[in-house]
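Quick notes on the structure that follows.
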Amino acid sequence: MEFNNTEVAFKHKSNFELKRAYWLFKLLSMGYLSILGRKFLNLLLTLKFPVDFIILKSVYPQFCGGRDIAECTPVIKSLIKNGVYSTLDYSVEACKNENDFEKSMQKCLNILDDIDRSKSSKFIVFKPSSVGSLELYRKIGSNVKLSELEERQLDAVESRFNKICTQAKEKQMKVLIDAEESWIQSAIDKLVINQMLIFNKKEALVFNTVQAYRHDRYDYLINLHKKYKGKIKIGIKLVRGAYMEKENNRANKYGYKSPICKSKNLTDRSFNDCLKHILKNINDYNLFMGSHNEKSNILACKLMDELKLKKDDKRVWFSQLYGMSDNISFNLSKHGYNVAKYLPYGPINEVMPYLIRRLNENSSISSQTNRELQLIKSEMIRRNIN
């Protein structure tokens, strides 16, 4: 498996879209200029300056599908035409109150209806913090006794999880439940397992997210397998992780050992160990692998070949974020693997926190940005685009 075929990687992009992507990643690679640009954007947003038009014509179409399902439809059709499914993600950040949680749940249910009509995806994703209180999750994870009000709030959270999973089952969809910070993740793990015990008896409908940059996640998987082998099909979305700086800062502040691996090499080893365990026990698991790391994707392909798994085995899916690592997504699909792009969407003001994270991520990981630039430039040369 090679990921250098830019003709396959960017077949879905027009010349204009390719040039826009090039200049965006070029800007993100410009060190201090990139930092100043992102700070200026944050300032404009804080001042409520009307920047929607600028965002809509620049960064938004690179990383998002549209402001609603209708706007996403051309993107979804383009991806499907090239053998790649979409995982629609209404990018709502942590909500604040019970009314917000109910609205967020209803949005998930509406998305399921929209996807069912369009037949555009096999997965839906939601963040636990969009349907429940961070403080409630923290207390549950810390084994703090809940008040009567908090017990009712917990019942409401479990009901929201269950309603989303129930409707997903009716629509023959699978549910990816995102990971959160370590101090609330243990509560989420329990809530997700409860849904797996209901919905995953014959096949994996519900997927929990394992962040492999945590040094305890391989052991978590081993213990999960021992406890539930033969009882349920364990759905796992495997990623490296998204909250490293926040996790390390909190550990330093409160004086406990950080849950994050001490080096990138250890994170890579953790990810690959988790990957090997899942694939070697695939009769007990379903895997949704979210990775922009070429070596990990190649390893997954090699393991599937060694284990004599078909490339399109319905229990194994590969995924990358929309607007990133197209060379991985579309070359995997070209070779017959199951691939789904994470496709965020929503009103610009609601999606901006997600976009800011993507900009920061691409700016801080220079190797990722430079790789994107190299590939885009190669395709522009191949197409003779000036």
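Kindly list, by first and then second residue, each pair from a residue in the stretch 340-369 that is closer than 26 Å to K77 by Cα and loosely packed, with under 14 Cβ neighbours inside 10 Å to a residue that is basic (K, R) and modelled with pLDDT of 75 or more, limited to pairs with Cβ atoms under 6 Å and residues at least 6 apart or on different chains.
These pairs meet every condition: P347/R67.
Condition (residue is modelled with pLDDT of 95 or more, touching a helix residue (DSSP H, G or I) at 6+ places or on another chain (Cβ under 7 Å), more than 22 Å from L287 (Cα to Cα) and buried (at least 22 other Cβ atoms within 10 Å of the Cβ)) applied to the stretch 261-271: is it met by at least one residue?
Looking for residues that are modelled with pLDDT of 95 or more, touching a helix residue (DSSP H, G or I) at 6+ places or on another chain (Cβ under 7 Å), more than 22 Å from L287 (Cα to Cα) and buried (at least 22 other Cβ atoms within 10 Å of the Cβ), one finds at least one in the stretch 261-271, hence yes.
When the stretch 110-128 is examined, which residues are found to be surrounded by fewer than 21 Cβ atoms within 10 Å (Cβ to Cβ) and either among the small types (G, A, S) or more than 19 Å from the chain's Cα centre (by Cα) (or both)?
Once the filter is applied, which keeps residues that are surrounded by fewer than 21 Cβ atoms within 10 Å (Cβ to Cβ) and either among the small types (G, A, S) or more than 19 Å from the chain's Cα centre (by Cα) (or both), the stretch 110-128 yields N110, D113, D114, D116, R117, S118, K119.
Looking at the stretch 296-328, which of its residues are among the aliphatic types (A, V, I, L, M), over 18 Å from Q62 (Cβ atoms) and not in a loop (DSSP other than H, G, I, E, B)? Even if it seems obvious, please write down each step before you answer.
Pass one, the stretch 296-328, residues among the aliphatic types (A, V, I, L, M): 298-300, 303-304, 307, 309, 316, 321, 324, 328.
If we keep only those that are over 18 Å from Q62 (Cβ atoms) as well, we get 298-300, 303-304, 307, 309, 316.
Of everything in the stretch 296-328, those that are among the aliphatic types (A, V, I, L, M), over 18 Å from Q62 (Cβ atoms) and not in a loop (DSSP other than H, G, I, E, B) turn out to be I298, L299, A300, L303, M304, V316.
Exactly one of (1) surrounded by 21 or more Cβ atoms within 10 Å (Cβ to Cβ); (2) over 23 Å from Q185 (Cα atoms); (3) out of contact with any helix residue (DSSP H, G or I) (no Cβ under 9 Å at 6 or more places or on another chain) is unmet by L279. Its number?
(3)
Return yes when L332 is assigned to a helix (DSSP H, G or I), farther than 14 Å from R240 by Cα and modelled with pLDDT of 95 or more and no when it is not.
On the way: assigned to a helix (DSSP H, G or I): yes; farther than 14 Å from R240 by Cα: yes; modelled with pLDDT of 95 or more: yes.
Yes: the conditions hold for L332.
Return yes when S363 is at pLDDT below 80 and either assigned to a helix (DSSP H, G or I) or basic (K, R) (or both) and no when it is not. Steps first, answer last, please.
Working: at pLDDT below 80: yes; either assigned to a helix (DSSP H, G or I) or basic (K, R) (or both): yes.
Here the answer is yes, as S363 does meet what is asked.
Checking the condition basic (K, R) and at pLDDT below 95, which residue from K171, K201, K163, K190 passes? Let's see the steps before the verdict.
Values: K201 fails: at pLDDT below 95; K163 fails: at pLDDT below 95; K190 fails: at pLDDT below 95.
Just a single option satisfies the conditions, and that option is K171.
Of the residues N223, N286, only one is surrounded by fewer than 21 Cβ atoms within 10 Å (Cβ to Cβ) and not basic (K, R); which? Quick ask: steps written out before the conclusion?
Values: N286 fails: surrounded by fewer than 21 Cβ atoms within 10 Å (Cβ to Cβ).
One residue alone meets the criteria, N223.
Restricting the search to the stretch 285-303, which residues are more than 16 Å from N331 (Cα to Cα) and out of contact with any His (no Cβ under 9 Å at 6 or more places or on another chain)? Break it down stepwise before answering.
Filtering the stretch 285-303 for residues more than 16 Å from N331 (Cα to Cα) gives 285-288, 303.
Those that are more than 16 Å from N331 (Cα to Cα) and out of contact with any His (no Cβ under 9 Å at 6 or more places or on another chain): N286, L287, F288, L303.
Looking at the stretch 247-256, can you tell me whether even one residue there is among the acidic types (D, E), under 19 Å from the mean Cα position of the chain (by Cα) and part of a helix (DSSP H, G or I)? Walk me through it before giving the result.
At the first step, the residues of the stretch 247-256 found to be among the acidic types (D, E) are 247.
Right, trim to under 19 Å from the mean Cα position of the chain (by Cα) and you get 247.
Okay, now just the ones that are also part of a helix (DSSP H, G or I), so 247.
Looking for residues that are among the acidic types (D, E), under 19 Å from the mean Cα position of the chain (by Cα) and part of a helix (DSSP H, G or I), one finds at least one in the stretch 247-256, hence yes.
Answer yes or no: is there a residue in the stretch 142-156 that is crowded, with 16+ Cβ neighbours inside 10 Å, on the phi < 0 side of the Ramachandran plot and under 21 Å from the mean Cα position of the chain (by Cα). Working first, answer last.
Just the residues of the stretch 142-156 that are crowded, with 16+ Cβ neighbours inside 10 Å, to begin with: 150, 153-154, 156.
Then keep just the ones that are on the phi < 0 side of the Ramachandran plot; that gives 150, 153-154, 156.
In the following step, the residues that additionally are under 21 Å from the mean Cα position of the chain (by Cα) were identified as none.
Among the residues of the stretch 142-156, not one is crowded, with 16+ Cβ neighbours inside 10 Å, on the phi < 0 side of the Ramachandran plot and under 21 Å from the mean Cα position of the chain (by Cα), which makes the answer no.
Residues of the stretch 193-245 being among the β-branched types (V, I, T) and under 20 Å from L279 (Cβ atoms), which ones?
Narrowing the stretch 193-245 to residues among the β-branched types (V, I, T): 193, 198, 206, 209-210, 222, 232, 234, 236, 239.
The answer is V206, T209, V210, I222, I232, I234, I236, V239.
Quick one: which residue in L299, L309 is of a type in the set (A, V, I, L, M), surrounded by fewer than 18 Cβ atoms within 10 Å (Cβ to Cβ) and under 16 Å from I278 (Cβ atoms)?
Details: L299 fails: surrounded by fewer than 18 Cβ atoms within 10 Å (Cβ to Cβ).
That would be L309, the only listed residue that is of a type in the set (A, V, I, L, M), surrounded by fewer than 18 Cβ atoms within 10 Å (Cβ to Cβ) and under 16 Å from I278 (Cβ atoms).
What helices (runs of 4 or more DSSP H), lying completely within the stretch 51-161, carry at least 2 residues that are free of Cβ contacts under 8 Å to residues at least 60 places away in the same chain, over 30 Å from T369 (Cα atoms) and not aliphatic (A, V, I, L, M)?
Numbers: elements: 52-57, 60-63, 69-81, 98-118, 134-141.
Hits in the stretch 51-161: 98-118, 134-141.
How many of the residues in the stretch 247-259 are touching a residue at least 12 places away in the same chain (Cβ under 8 Å) and out of contact with any Ser or Thr (no Cβ under 9 Å at 6 or more places or on another chain)?
Let us first name the residues in the stretch 247-259 that are touching a residue at least 12 places away in the same chain (Cβ under 8 Å), namely 247-248, 250, 259.
The next check asks that each one be out of contact with any Ser or Thr (no Cβ under 9 Å at 6 or more places or on another chain); those that pass are none.
So the count comes out to 0.
One residue is enough: does the stretch 84-102 have a residue meeting the conditions over 18 Å from the mean Cα position of the chain (by Cα), closer than 22 Å to L176 by Cβ, surrounded by fewer than 17 Cβ atoms within 10 Å (Cβ to Cβ) and not charged (D, E, K, R)? Before you say what the answer is, go through the steps one by one.
Keep residues of the stretch 84-102 that are over 18 Å from the mean Cα position of the chain (by Cα), which gives 95-102.
Going one step further and asking which of them are closer than 22 Å to L176 by Cβ, we end up with 95, 100-102.
Adding the requirement that they be surrounded by fewer than 17 Cβ atoms within 10 Å (Cβ to Cβ) leaves 100, 102.
Right, trim to not charged (D, E, K, R) and you get none.
Taking every residue of the stretch 84-102 in turn, none turns out to be over 18 Å from the mean Cα position of the chain (by Cα), closer than 22 Å to L176 by Cβ, surrounded by fewer than 17 Cβ atoms within 10 Å (Cβ to Cβ) and not charged (D, E, K, R).
Just name the residue that is farthest from the chain's Cα centre (by Cα) out of those in the stretch 229-246 that are surrounded by 12 or more Cβ atoms within 10 Å (Cβ to Cβ) and free of Cβ contacts under 8 Å to residues at least 40 places away in the same chain. Walk me through it before giving the result.
Narrowing the stretch 229-246 to residues surrounded by 12 or more Cβ atoms within 10 Å (Cβ to Cβ): 229, 231-244, 246.
With the extra rule that they be free of Cβ contacts under 8 Å to residues at least 40 places away in the same chain, the set shrinks to 231-232, 244.
Working: K231: 27, I232: 23, M244: 15 Å.
So, considering only residues that are surrounded by 12 or more Cβ atoms within 10 Å (Cβ to Cβ) and free of Cβ contacts under 8 Å to residues at least 40 places away in the same chain, the one farthest from the chain's Cα centre (by Cα) is K231.
The values are calculated or read from the model by the stated rules, or taken from the named source; none is laboratory data. Note that this is a predicted model, so its numbers are computed, not measured. When we count neighbours, we look across all protein chains shown, and the Cβ atoms used for this are built from the backbone with ideal geometry, even at glycine.
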